[in-house]
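Engineer: Structure below; questions to follow.
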There are 2 protein chains.
Amino acid sequence: MKVSPAQAAAELLEVVPSVTRAVREQMRAHRAADLTVTQFRVLAYLNRHTGASLSDVADHIGLTLPSMSKLIDALVARKLVRREFDTTDRRRVTLALTSRGRVILERARRATRAFLTAQLRQCDSIELETLARAMQILRPLFASRRELARVAQRK
Amino acid sequence: MKVSPAQAAAELLEVVPSVTRAVREQMRAHRAADLTVTQFRVLAYLNRHTGASLSDVADHIGLTLPSMSKLIDALVARKLVRREFDTTDRRRVTLALTSRGRVILERARRATRAFLTAQLRQCDSIELETLARAMQILRPLFASRRELARVAQRK
DNA sequence: TCACAATAGTTTCCTTTTCTAATTATTTCT
DNA sequence: AGAAATAATTAGAAAAGGAAACTATTGTGA
């Protein structure tokens, strides 16, 4: 099977949104911890990147700063996220999950993962490996600019 | 590499949204034919399923009927979609792309595919094949209920 | 066959999400 | 110091999406 980049792109463009749709639908239906998909992704990001700034999160999720600011407002009001001011650069805001936030994230993650896992149980082990490999390939290709910059900086 | 369904699920849950985000961002940035991702998906679906009903589309995209009705309104107003009444069942609405719709879809598709293709050029041919295979695996797992019913019916 | 249930869409109204523009506060650059 | 740049917030408006109620049509069971 010989696949061109264009062909692979077309496939991605067709299949990826349907996965997203299924996940979103599932989260809505089961009200997984009362989180929207976007909120869920924010919590997950903050879990991996404690102390991220508002811009970091906005950039990674793909929202404007004002939108993210309000989204964070809501999460802070629900005591899932802590918002602090950076001591060295007082313009910056530093975000982190509260312990409650970690609990809620874990709960939502379990629910969503359970849904996906159920779907994936139809796959044999070779297919699962293919999927995992594919995700490894995609991951670095679609990291956000800011994230790439961060990784580059670390060197 | 031995992968459990749960592991694969976790990977999917992390990577898929970042692909979606990149595509969405790209479409917004380049104002690809002034289509939102959802509108784009609707056009693509109608291209593949000429004469689909409103419910078909709503179900596939994952919107409620009212929302889809409004979305189609906009596309009809822009003369991208034709809305006709089914002669055998006059409750049903039959949707199809206009020739203008096909042109716009193709333009948007080219732009988005070009973006994805550019990203995927970093992959070697083995990786591309892995990606294509992965999409083949995912496709049937996340098809909508109505679509599954339709496929089952054809037998 | 006729009343009733079911199906397909639409309309109305409301909430939520997200955007743009303007504003504040802070830091960096010259 | 003063100007430009950066980080975040606020204000105001638009857009997306959903629930409920409504219309029109078709199917069904007594």
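The values are calculated or read from the model by the stated rules, or taken from the named source; none is laboratory data. Every value quoted in this text rests on a predicted model; they were computed, and no experiment measured them. Don't worry about glycine lacking a Cβ; one is built from the backbone with ideal geometry, like all the others, and counts go over all protein chains shown.
Engineer: Answer with yes or no whether B:V57 is closer than 26 Å to A:A118 by Cα, assigned to a helix (DSSP H, G or I) and modelled with pLDDT of 90 or more.
Structural biologist: Against the criterion (closer than 26 Å to A:A118 by Cα, assigned to a helix (DSSP H, G or I) and modelled with pLDDT of 90 or more), B:V57 qualifies.
Engineer: Determine if region A:67-86 includes at least one residue that is facing chain B (nearest Cβ under 10 Å) and at pLDDT below 90. If you could, list the steps in order and put the result at the bottom.
Structural biologist: First, the residues of region A:67-86 that are facing chain B (nearest Cβ under 10 Å): none.
No: zero hits.
Engineer: Shifting gears a bit: Check A:L13 against each of (1) within 14 Å of DNA strand D (Cβ to nearest atom); (2) surrounded by 14 or more Cβ atoms within 10 Å (Cβ to Cβ) and name the one condition it does not meet.
Structural biologist: (1)
Engineer: Within region A:13-35, does at least one residue satisfy the condition of being of a type in the set (S, T, N, Q) and within 12 Å of DNA strand C (Cβ to nearest atom)?
Structural biologist: Here is the first cut: in region A:13-35, the residues of a type in the set (S, T, N, Q) are A:18, A:20, A:26.
Next, only the ones that are within 12 Å of DNA strand C (Cβ to nearest atom) stay: none.
No, that holds for no residue.
Engineer: Shifting gears a bit: Of the conditions (1) more than 14 Å from every other protein chain (Cβ to nearest Cβ); (2) of a type in the set (D, E); (3) touching a helix residue (DSSP H, G or I) at 6+ places or on another chain (Cβ under 7 Å), A:D89 fails just one. Which one is it?
Structural biologist: It fails just one condition, (3).
Engineer: Let me ask another. Can you say whether A:G51 is on the phi > 0 side of the Ramachandran plot and within 12 Å of chain B (Cβ to nearest Cβ), as far as the supplied structure shows? Show your work before the answer.
Structural biologist: On the way: on the phi > 0 side of the Ramachandran plot: yes; within 12 Å of chain B (Cβ to nearest Cβ): no.
No, not satisfied.
Engineer: Sticking with this one: Does A:L95 fit the bill of being within 14 Å of chain B (Cβ to nearest Cβ), within 13 Å of DNA strand D (Cβ to nearest atom), of a type outside the set (D, E) and not in a helix (DSSP H, G or I)? So that I can check it myself, show each step before the final result.
Structural biologist: Working: within 14 Å of chain B (Cβ to nearest Cβ): no; within 13 Å of DNA strand D (Cβ to nearest atom): yes; of a type outside the set (D, E): yes; not in a helix (DSSP H, G or I): yes.
So A:L95 does not fit the description; no.
Engineer: Do we have any residue at all in region A:7-16 that's out of contact with any Lys or Arg (no Cβ under 6 Å at 6 or more places or on another chain), more than 11 Å from every other protein chain (Cβ to nearest Cβ) and modelled with pLDDT of 90 or more?
Structural biologist: no
Engineer: With the requirement that a residue be among the hydrophobic types (A, V, I, L, M, F, W, C) and not in a helix (DSSP H, G or I), what does region A:60-70 give you? First the steps, then the outcome.
Structural biologist: Just the residues of region A:60-70 that are among the hydrophobic types (A, V, I, L, M, F, W, C), to begin with: A:61, A:63, A:65, A:68.
Of everything in region A:60-70, just one residue is among the hydrophobic types (A, V, I, L, M, F, W, C) and not in a helix (DSSP H, G or I), namely A:L63.
Residues checked against (1) part of a loop (DSSP other than H, G, I, E, B); (2) farther than 24 Å from B:L131 by Cβ:
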residue	(1), (2)
B:V15	no, no
B:M27	no, no
B:T50	yes, yes
B:I72	no, yes
